[in-house]
Every structure is written in structure tokens, then in C-alpha cells.
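Visitor: Structure incoming, see below.
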Amino acid sequence: MSRLGGSLQAQSRRGEGTTFTLTFPLAAPPRREPPRAAGAEHRTHRILIVDDQQDNLDALREVLELENQEVEAVRGGPEALALFGRGERFDLVLCDVGMPEMSGWQVAREIQRIAPGTPVWMLTGWANEIGESDPRLGYVRGVLAKPLDLERLRLLLHASSGASAMRPDVSAVH
């Protein structure tokens, strides 16, 4: 809870039971976007989301579709790899790290084997646990922390229309 800006408290009295108090942060007010340069291109990307949690898939799909992106969502590595195996390609893959059957790292490695150069970004609540020298980072463009910073996601999507826009930076890892 503290990583999300909230808190959890428990209070117990003998014979009266226990009270748990969960405090959640209010949603941050929307940030004002800087004015876009004249002629700035707003490209639609074909994006694959891989996450075993349906709520995460639904929320991220909705956000990306509001950004006018074309989204495919699957609940695990085998499903994602089946899409690539059928020849489907994506401009961007957003993949959860911790999933049953296959970890996100395994999915990223296999995607790079099937479709080298595909931009894969890992999503995890433990981004600060992944060191900058972690060899698994060779399979991905970067790591985005959960809860996802929507401004960082928008920058990733709108930086430019070319694949070079999706190059990682050190700050994307932590």
C-alpha cells in the first residue's frame, strides 16, 4: 500500500473484533499536456498487452484505446507467442513480468527469437528490484513500474512515429 501512496492499519480490541482501515490516494489531477509542435504526428501503434490479470488487461486496453491505439490483449505467454507464431506483428508489446506458465522475461526472449527487434516493455510492481546490469534487459526496451505512469506511457507512444522512439532510457528501468 505504501508503494501506491496509501496505508493499511489494523486495530483490535479483545471481545470487540478487529477493524482494518485502508487508505487509498486520490487520483492525481490530470496533467496539462505541453502544446504539440505544429505538424506533430500522432501515430496509431498496434500494441500487444500480455498480463495474466484480466483487470490489468481491461484497464490498460481502455487507456490505450482512448489514446487511439490498436490493442490486442492476451492472458499469458503461450497465447502471445501463438500470435507471433501465426505471423502477427506488433509495434509495441507491454508484458507483465510475473505470470504463471511463462515469466514475462521468457516471453520477451521468445518474441525476440521469432520477431527480432520487436519493442517489448516489461510491466512490474517491482521495477526498482531490477538492476541496470540485469542481463534480461537485453530482450526488452525497458521496464515500466506498476502502477503505470500514464504520462510515461503517452511519451512512449507519441515521442515519434519511428521505432527509434521506443529506445529505453535508464530512468525507464527504475
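Visitor: Can you pull out every residue in the range 125-145 that is open to solvent by 40 Å² or more (accessible area, probe 1.4 Å) and of a type in the set (A, V, I, L, M, F, W, C)?
Guide: Those that are open to solvent by 40 Å² or more (accessible area, probe 1.4 Å) and of a type in the set (A, V, I, L, M, F, W, C): W126, A145.
Visitor: Does R31 satisfy the criteria of being open to solvent by 90 Å² or more (accessible area, probe 1.4 Å), outside any loop (DSSP other than H, G, I, E, B) and at pLDDT below 65?
Guide: Answer is no for this residue.
Visitor: Another question, then. Within the range 49-70, restricting attention to residues that are more than 16 Å from T124 (Cα to Cα) and not acidic (D, E), which residue is surrounded by the most Cβ atoms within 10 Å (Cβ to Cβ)?
Guide: It comes out as L64.
Visitor: Pairs needed: first member in the range 59-77, over 21 Å from G98 (Cβ atoms); second member anywhere, at pLDDT below 90 and basic (K, R); C-beta distance under 9 Å; at least 6 residues apart or different chains.
Guide: As it stands, the answer is E67/R154, since those pairs meet every condition given.
Visitor: Then there's this: Would you say I111 is out of contact with any Gly (no Cβ under 7 Å at 6 or more places or on another chain), surrounded by 14 or more Cβ atoms within 10 Å (Cβ to Cβ) and at pLDDT 95 or above?
Guide: Criteria met by I111.
Visitor: Moving to a separate point now. Report yes if S160 is over 17 Å from L94 (Cα atoms), surrounded by fewer than 19 Cβ atoms within 10 Å (Cβ to Cβ) and modelled with pLDDT under 65, otherwise no.
Guide: Yes, satisfied.
Visitor: Which number in (1) modelled with pLDDT under 90; (2) under 24 Å from Q54 (Cα atoms); (3) not basic (K, R) marks the one condition that P100 misses?
Guide: So the condition that P100 fails would be (1).
The values are calculated or read from the model by the stated rules, or taken from the named source; none is laboratory data. The structure presented is a predicted model; accordingly, all values stated were derived computationally and were not measured. Positions of Cβ are generated from backbone atoms using ideal geometry, with glycine treated the same way; all protein chains shown enter the neighbour counts. SASA here: full protein model, heavy atoms, side chains in, ligands and nucleic acids out. Shrake-Rupley method; radii C 1.70, N 1.55, O 1.52, S 1.80 Å.
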